[in-house]
1. Among the residues of the range 119-137, is there at least one that is assigned to a loop (DSSP other than H, G, I, E, B) and in contact with a His (Cβ under 9 Å, 6 or more places away or on another chain)?
2. Can you pull out the residues in the range 149-163 that are out of contact with any Pro (no Cβ under 6 Å at 6 or more places or on another chain) and either on the phi > 0 side of the Ramachandran plot or surrounded by 23 or more Cβ atoms within 10 Å (Cβ to Cβ) (or both)?
3. Mind counting the residues in the range 124-155 that are within 15 Å of the chain's Cα centre (by Cα) and without any contact (Cβ under 8 Å) to a residue 40 or more places away in the chain?
4. What residue, among those in the range 82-103 that are modelled with pLDDT of 95 or more and among the small types (Gly, Ala, Ser), is nearest to Asp65 (Cα to Cα)?
5. Can you find, within the range 121-140, the residue that is least open to solvent (accessible area, probe 1.4 Å) among those that are over 27 Å from Pro37 (Cβ atoms) and of a type in the set (Val, Ile, Thr)?
6. Can you tell me which condition Val99 does not meet? The list is (1) β-branched (Val, Ile, Thr); (2) free of Cβ contacts under 8 Å to residues at least 40 places away in the same chain; (3) in a loop (DSSP other than H, G, I, E, B), and all the others hold.
7. Among the residues of the range 83-106, what is the count of those that are open to solvent by less than 10 Å² (accessible area, probe 1.4 Å) and in contact with a helix residue (DSSP H, G or I) (Cβ under 9 Å, 6 or more places away or on another chain)?
8. For a quick check of your reading of the model, give me the residue pairs whose first member lies in the range 30-59 and is closer than 13 Å to Val125 by Cα, whose second is open to solvent by 80 Å² or more (accessible area, probe 1.4 Å), with beta-carbon atoms closer than 8 Å and at least 6 apart or on different chains.
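The values are calculated or read from the model by the stated rules, or taken from the named source; none is laboratory data. Please read all numbers here as calculations on a predicted model, not as lab measurements. Cβ atoms come from the backbone with ideal geometry, glycine included; neighbour counts cover every protein chain shown. The area values use the complete protein model at the heavy-atom level, side chains included, leaving out ligands, DNA and RNA. Shrake-Rupley method; radii C 1.70, N 1.55, O 1.52, S 1.80 Å.
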Amino acid sequence: KPPSWAMAPKKPAKEGARTHFSIRPSIPLQPISKPAPRTGDGFQWPVQGRVISNFGSKSKGLRNDGINIAAPRGAPVVAVENGVVVYAGNELRGFGNLVLVKHSGGWVSAYAHNDRLAVQRGDKVRKGQRIARVGSTGGVKTPQLHFELRKGKRARDPRKYLRPA
């Protein structure tokens, strides 16, 4: 099932409070295969574009657990490393069309606000493989990719782990 940190809220949270997430799949989920080993030369950028929102605290008590990258609508979004798709859908409010990829070593990458998805749950993906197209689904008005890297359940600043473009 999708990681607990990336699931739809059970109820609205008070500002600044932690939100717990859950979804109920409409069909029983099949086990996911183990991700392929990482290539060893770092995570690559998921899309070419300009970072419009950085990782970390924002105004009014908000926080960005990733980065937002402006890119033309329809631009290819690629897997940052070898892995397996653990979630592909739009059930998570605010993220629009979302893909979550599990990588070896306890890493998960998240790709949100996509126009179209090119993968589905259970697909094995290779580093650099197109997994989606940039869009403006979910809670954004302009074409962009919201991208997160997590080690276990903890969000990490993607810019510290992405190799230079």
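1. Pass one, the range 119-137, residues assigned to a loop (DSSP other than H, G, I, E, B): 119-123, 126-129, 136-137.
Now drop any that are not in contact with a His (Cβ under 9 Å, 6 or more places away or on another chain), which leaves 136-137.
The answer is yes; a qualifying residue exists.
2. As a first pass, look at the range 149-163 and keep what is out of contact with any Pro (no Cβ under 6 Å at 6 or more places or on another chain): 150-163.
Correct list: Gly152, Pro158.
3. Adding up the residues that qualify gives 1.
4. Among residues in the range 82-103 that are modelled with pLDDT of 95 or more and among the small types (Gly, Ala, Ser), the one nearest to Asp65 (Cα to Cα) is Gly96.
5. First, the residues of the range 121-140 that are over 27 Å from Pro37 (Cβ atoms): 133-140.
Now restrict to residues that are of a type in the set (Val, Ile, Thr): 134, 137, 140.
On the way: Val134: 0, Thr137: 36, Val140: 29 Å².
Selected residue: Val134.
6. That leaves (3) as the condition not met.
7. 4
8. Filtered contacts from the range 30-59: Ile32/Lys102; Ser33/Lys124; Pro35/Lys102; Pro35/Lys124; Ala36/Lys124; Ala36/Arg126.
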